[in-house]
Ligand SMILES: [Zn+2]
């Protein structure tokens, strides 16, 4: 890292910052903003993205072509930034290839706005997903990062939807829910400069079930990061077969519904799962989704709650996915 150009406005941003392990784009931008002392948030946006307001609010990747040019390519290609430093892949891996390409193109190109990617990040492309703009951090990771790097940065894996505990330290993530206005200038900040008081899970004591779900979400996200795309024709076959193995058939829908509700009851306090599991109607819809023609779920949480119900772990699901004989389409 070269700090010799700290005061030089013409310096490339990549002279001031380089990626920390598992860091979000928003975090790197926030560190740049702090290191470049005295710039306004709008000036930082212009420095990094060539635009006074379109940026990476809430880790939303936009104008990455411009970011790539302004950092002289030294911080990676737009695709690498999306896949390694944002949670966008979490939403993309259950979409069609053409939809993913269009969304990535919007996040990458030098356009004034990337509405589709923004909607994804905020979950408002699908109202059932809810709108929970949050930044999360683990207090033990923050202390460690401060000790090792002199700064407590935002980790991408702490931002995974559905995950409310650090899977390394197994403690509650602290969170902040800043007011988010779409397409306005980012408020570049690090965990240490926020009061992390947002507790949507209140005083919920996490059980082994919660941690199993957090680990499924985290493993799924890692798979998405590696470019994993799910063939929902095959996934649908595997889910249906596992439901049959549980002893349920087309004639025992209600029994399967009761079993699903009981198995996932501990997860209802997880904010992203409220809209998925809360009502009988939504739970019926999920079982109907498994029983019906295999299709991609609009919401990855539907898929992940079913994996939680039917499999002991993400690797149990993956094993089944690799071994499953494919029936003709
Ligand atoms: Zn931690």
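The values are calculated or read from the model by the stated rules, or taken from the named source; none is laboratory data. Everything quoted here is computed from the prediction, not taken from an experiment. Note that we place each Cβ from the backbone using ideal geometry, even for glycine, and neighbour counts take in every protein chain shown.
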Apart from one, (1) surrounded by fewer than 21 Cβ atoms within 10 Å (Cβ to Cβ); (2) at pLDDT 85 or above all hold for residue 164; the odd one out is (1)
Restricting to region 59-78, give me the number of residues that are at pLDDT 90 or above, part of a loop (DSSP other than H, G, I, E, B) and either surrounded by 20 or more Cβ atoms within 10 Å (Cβ to Cβ) or in contact with a strand residue (DSSP E or B) (Cβ under 8 Å, 6 or more places away or on another chain) (or both). 2
When you scan region 151-173, how many residues do you find that are more than 12 Å from the chain's Cα centre (by Cα) and within 12 Å of the ligand (Cβ to nearest atom)? 10
Exactly one of these conditions fails for residue 107: (1) at pLDDT 90 or above; (2) surrounded by 16 or more Cβ atoms within 10 Å (Cβ to Cβ). Give me its number. (1)
Residue 275 passes all but one of (1) at pLDDT below 85; (2) surrounded by fewer than 17 Cβ atoms within 10 Å (Cβ to Cβ); which number fails? (2)
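Being in a loop (DSSP other than H, G, I, E, B) and within 19 Å of residue 312 (Cβ to Cβ) is the requirement here; does residue 248 meet it?
Working: in a loop (DSSP other than H, G, I, E, B): yes; within 19 Å of residue 312 (Cβ to Cβ): yes.
The answer is yes for residue 248.
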Criterion: surrounded by fewer than 20 Cβ atoms within 10 Å (Cβ to Cβ), in a helix (DSSP H, G or I) and touching a residue at least 12 places away in the same chain (Cβ under 8 Å) - qualifying residue of 189, 212: 212
Residue 281 fails exactly one of (1) under 21 Å from the mean Cα position of the chain (by Cα); (2) surrounded by fewer than 17 Cβ atoms within 10 Å (Cβ to Cβ), namely (1)
If you scan region 245-264, which residues turn out to be within 33 Å of the chain's Cα centre (by Cα) and exposed (fewer than 11 other Cβ atoms within 10 Å of the Cβ)? 245, 262
Residue set 46, 17; condition at pLDDT 85 or above and touching a helix residue (DSSP H, G or I) at 6+ places or on another chain (Cβ under 6 Å); output residue 17
